[in-house]
Structures are given as structure tokens and as C-alpha cells.
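Take a look at the structure set out below.
Just so you know, all these numbers are worked out from the coordinates, no wet-lab data involved. Everything numeric here is computed off the predicted structure, so don't read it as measured data. Because the Cβ atoms are built from the backbone with ideal geometry, glycine has one as well, and the counts that use them run over all protein chains shown.
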Amino acid sequence: MYYSKTLTPAVFLRREKRYSVLCRLLSGEEVWAHCANPGRLLSCLTEPETPVWLLQYDPDAKKERKTAWSLEQSEPIPGVRVGVMPIRGNTLFEEALSMGFFPEFSGYPDLKREVPYGDASRVDFVLSGPRGQIYVEVKSVTYRNGDAALFPDAVSQRASRHARELSLVRGEGVRSAMVFVVMRPDCRYVSAASEIDPSYASIFDSVCREGVETYAFSVKADQSGLFPSLSLPVFPRENPACFERSQ
């Protein structure tokens, strides 16, 4: 996916109230940017002076915004850019789907977004076709520990609820899947962040055993956009030894 305009480089100074970050442009001007990620942004935006990239909105758009800037990317490691806006994951899933990242989804040509289901929830996508339906929940992942992309980076009752609801759908004989969009290029597999949210890790392990499918792919980022890169394996519980033996 391409941004509406080229991103503006800056450096991160501090974060306030989760949704606001203070940044310094290369000109020296300090600006507030909206941070649409409610997570802790571990391993991607914790240190002052971390390089970041901002999207500037047009003056007309700013009338309905508190700031003209939005935080889109960080560079916690030289040469490694991370997309930090979770909503981009849905667009990237659709692009990856059209690029053939998910042969398991072939035969389901129709796509609906934000379909009501479960306990007053909405699933991100429902794919349908002659073979039936697949309920798909997309999760953006930014937290890295070693080779692992770990989700979530903060306790998330919402993520646990979504996992349980996908399991209920599967229990009714309908396919359901979780797709993890790893918004960085330096991870080799995806797993649950059991040390951060042990409840989610336990639920995720259970729903995988109950037949909820899991898929993942990494993303490369530059100032023009975010782009699906490589398919990644998913382990219900972090198990790097098993992964290393498979290489």
C-alpha cells in the first residue's frame, strides 16, 4: 500500500496519553503527532531520539483533527522500519490476499468487511464462495523479541475475546482464521506473547487446537508505503527450538 504522500522524517521525543507523541522535525520544529496504536510499542518506540516518519494531512483534513501529523513508522534498529499504525494491517491483508499469499483461501472470491458476529463484535473479513465461508481476524504485530514477532504487546481482553469468538464460529462448522501482519522485516516466526498476556497465550493455544487457522506475513516499509514481504510460520506458544530444528 502506498501513502497519500511521502512521509516526513523526524525523531521521537516522548509519548503522552498513549495517542499523542511529541516529535522533532529535521528543521528543529517540535510537533505533536497522533499515535493510533494503543499498545506499548515495545521494541519499536521506547527510546527518545528514535527515528520516526510522519504523515502530514492537508489543512482541510486538520479541521477535524487535533494535529496535522500522524505517526506511521519508526526505525528502532538502523535499517529496520516498523509500521506502527494497526489499521494498515487490514489493507495489507487484502493486498497479500490478491498477491496469492494465502492459497488456502482460494475458492473464496467474495470479500466482506466488518461483518457483525459473536458478542457484539465485528470480524474484519468474511470470505465466501461455493465452498462456504471463512471468518478472518487480522492482527497487526510490532513487538519483536529475538527472531519472534510476539502478539500482543500489552494485555488485551479484546484480542482474547476475538480468539474465543473465532473458535465458536469454527465449532459451528465454519472455517475461521487469524492472520498476523508483522509490520517489520526482521522476524522469522510469530507466537503469543505469553510473558505479557498469559491469558491470551492460553486462549490462543486452545483455539488453535480447536481448529482456528493461523497465518502470518512480514512487511517491508519505506517512505512511500508498506508492502507484504514474506510468509511466516505461526507457533501457538513460543518454541524457537522447534523452529530452529525445522530450518
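Brief remarks follow.
- Exposure proxy ranking, count of Cβ atoms within 10 Å, fewest first, for Arg65, Arg161: Arg65, Arg161
- The range 1-67: GluC sites (Glu not before Pro) in DSSP loop, at most 10 other beta carbons within 10 Å: Glu29, Glu49, Glu64
- Oblate is the label for the range 130-206, because a/c, from the alpha-carbon gyration tensor with a ≥ b ≥ c as root eigenvalues, is 1.5 or above and a/b does not exceed b/c.
- Across Lys17/Lys66; Lys112/Lys139; Lys139/Lys220; Lys5/Lys220; Lys5/Lys66; Lys17/Lys139, pairs whose alpha-carbon gap is larger than 24 Å: none
- Within the range 86-134, trypsin sites (Lys or Arg not before Pro) in DSSP loop having at most 13 other beta-carbon neighbours inside 10 Å: Arg131
- A compact globular protein would have a Cα radius of gyration near 2.2 N^0.38 Å; the ratio found for the range 179-227 is 1.39.
- 0 to 90° range, to nearest 10: angle between helix 157-171 axis and the chain longest Cα axis: 30
- Across the chain, counting alpha-carbon atoms alone, Rg and Dmax equal 18.4, 58 Å.
- Applying the criteria of a DSSP loop state and at most 14 other Cβ atoms within 10 Å to the chymotrypsin sites (Phe, Trp or Tyr not before Pro) of the range 12-88 yields Tyr19.
- Under 13 Å, Cβ to Cβ, from Ile77 - net charge with Lys/Arg +1 and Asp/Glu -1: 0
- Other residues within the sphere of radius under 12 Å centred on the Cβ of Gly39, judged by their own Cβ, net out at +3 (K and R +1, D and E -1).
- Only Cα pairs under 8 Å and 6+ residues apart enter the sum, and on that basis the relative contact order of the chain stands at 17 percent.
- When Rg and Dmax are taken over the Cα atoms of the range 8-77, they come to 11.4, 35 Å.
- Crossing angle, helix 198-209 versus the chain [Cα axis fit, 0-90 degrees, rounded to tens]: 40
- Rounded to the nearest 10 degrees, the inclination of helix 88-98 to the longest alpha-carbon principal axis of the chain is 50 degrees.
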